[in-house]
2 protein chains.
Amino acid sequence: MDDEQSTMTLKAIGIVRNEIKEQPKVGYPWKSVISEIVIDSSLTEALDGLEGFSHIIVLYWMHQAASGKLPLKVHPMGRKAGPVQGLFAVRTPNRPNRIGKATVRLLQRQGNILRVEGLDALDGSPVIDIKPYLPGYDSVADARVPQWITN
Amino acid sequence: MDDEQSTMTLKAIGIVRNEIKEQPKVGYPWKSVISEIVIDSSLTEALDGLEGFSHIIVLYWMHQAASGKLPLKVHPMGRKAGPVQGLFAVRTPNRPNRIGKATVRLLQRQGNILRVEGLDALDGSPVIDIKPYLPGYDSVADARVPQWITN
């Protein structure tokens, strides 16, 4: 890889504001959490048109994930009874690159602030990207999941 | 933000291999492109269990996107006739953080190599994360998009 590829550096485009200050237990009802995504005011114009979408994809940095050596296999959702899976087969925040991807309902856009429902990010999480949710591109009609997936 | 948050650095976990060496024109039939994602062999075990999913989410670095000053508004899909939209309302690769997100069919996993269908990444794109596609979490039944979206 050349230099451009080996040094990938992210700059936050904004920050998550909500009432979830610490990682809650597994099973927390994130779907009803309301958050504000405060985008850097220099980028306000780049949000124009987003209000036409009911849902958006948020990429954010899971800043409170574990650091240090990562276990390559984990118990999904922390359930010790179940079989371990590779970390890329689960959605654990403890990943080589701590990027979370959430699809959330856009309730309102006001200037540089997006009010969203269902974002499973902690207060203070840096936001990396916002993309419109395109059903024809982002969803799959016939997806199959293994039996240990319960949602 | 503290230091941890302001310096977000990504390390590639793998690389895309396919026959698409340069950005093709808008409308290219990416859905039928077959790619191999070669994951760093130190992470092979972290893929265990992924083969139980029919579809996976790939986060990758759009290494050939434009650099320099970004226009905050663009013509969607390069269609000069249509209205401009903010860059966060479209899926242009020319974004503050050049991360692409694709949902693709997993055809085969063999050791550290994932064979996938429909990945719209150029050959040589660094791979940042692999996540299982969870229909209940990643898809939305009632999503609304603006009229200028055609797919």
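A few points about this structure:
- Residue that is nearest to the other protein chains (Cβ to nearest Cβ), among those in segment B:17-63 that are in contact with a Phe, Trp or Tyr (Cβ under 9 Å, 6 or more places away or on another chain), of a type outside the set (Gly, Ala, Ser) and part of a loop (DSSP other than H, G, I, E, B): B:Asp48
- The listed residue being surrounded by 20 or more Cβ atoms within 10 Å (Cβ to Cβ) and closer than 30 Å to A:Leu107 by Cβ, out of A:Leu50, A:Leu87: A:Leu50
- Residues located in segment A:105-141, provided they are at the interface with chain B (Cβ under 7 Å from one of its Cβ atoms) and either touching an Asp or Glu at 6+ places or on another chain (Cβ under 6 Å) or among the charged types (D, E, K, R) (or both): A:Asp129, A:Lys131, A:Asp138
- If you filter segment A:142-151 down to residues that are surrounded by fewer than 15 Cβ atoms within 10 Å (Cβ to Cβ) and more than 19 Å from the chain's Cα centre (by Cα), you find that the one that is nearest to the other protein chains (Cβ to nearest Cβ) is A:Arg144.
- A:Gln5, sole failed condition from (1) closer than 28 Å to A:Arg109 by Cα; (2) at pLDDT below 95; (3) out of contact with any helix residue (DSSP H, G or I) (no Cβ under 9 Å at 6 or more places or on another chain); (4) not charged (D, E, K, R): (1)
- For beta carbons closer than 9 Å, sequence separation of 6+ or different chains, a first residue in segment A:83-99 that is more than 7 Å from chain B (Cβ to nearest Cβ) and free of Cβ contacts under 8 Å to residues at least 40 places away in the same chain and a second that is part of a loop (DSSP other than H, G, I, E, B) and acidic (Asp, Glu), the qualifying pairs are A:Val84/B:Asp48.
- With respect to the conditions (1) of a type outside the set (A, V, I, L, M); (2) modelled with pLDDT under 95; (3) crowded, with 21+ Cβ neighbours inside 10 Å, B:Trp61 lacks only one, and its number is (2).
- Filtered residues of segment A:100-143 (kept if touching a strand residue (DSSP E or B) at 6+ places or on another chain (Cβ under 9 Å), under 16 Å from B:His55 (Cβ atoms) and small (Gly, Ala, Ser)): A:Ser139, A:Ala143
- Checking A:Ser67 against (1) over 16 Å from B:Pro132 (Cα atoms); (2) in contact with a strand residue (DSSP E or B) (Cβ under 7 Å, 6 or more places away or on another chain); (3) at the interface with chain B (Cβ under 10 Å from one of its Cβ atoms), the condition it does not meet: (2)
- Residue match in segment A:121-128 (condition: under 29 Å from B:Gln147 (Cβ atoms), touching a residue at least 12 places away in the same chain (Cβ under 8 Å) and hydroxyl-bearing (Ser, Thr, Tyr)): no
- For B:Arg98, the conditions (1) on the phi > 0 side of the Ramachandran plot; (2) surrounded by 19 or more Cβ atoms within 10 Å (Cβ to Cβ) are fulfilled apart from (1).
- Candidate set from segment B:116-141 (those that are of a type in the set (D, E, K, R) and buried (at least 18 other Cβ atoms within 10 Å of the Cβ)); member that is nearest to B:Thr9 (Cα to Cα): B:Asp129
- For segment B:104-115, a residue qualifies if it is out of contact with any His (no Cβ under 6 Å at 6 or more places or on another chain), surrounded by 17 or more Cβ atoms within 10 Å (Cβ to Cβ) and not aliphatic (A, V, I, L, M), and the qualifying residues are B:Arg109, B:Asn112.
The values are calculated or read from the model by the stated rules, or taken from the named source; none is laboratory data. Keep in mind the model is a prediction, meaning the values are calculated, not measured. Note that each Cβ is placed from the backbone with ideal geometry, even for glycine, and that neighbours are counted across all protein chains shown.
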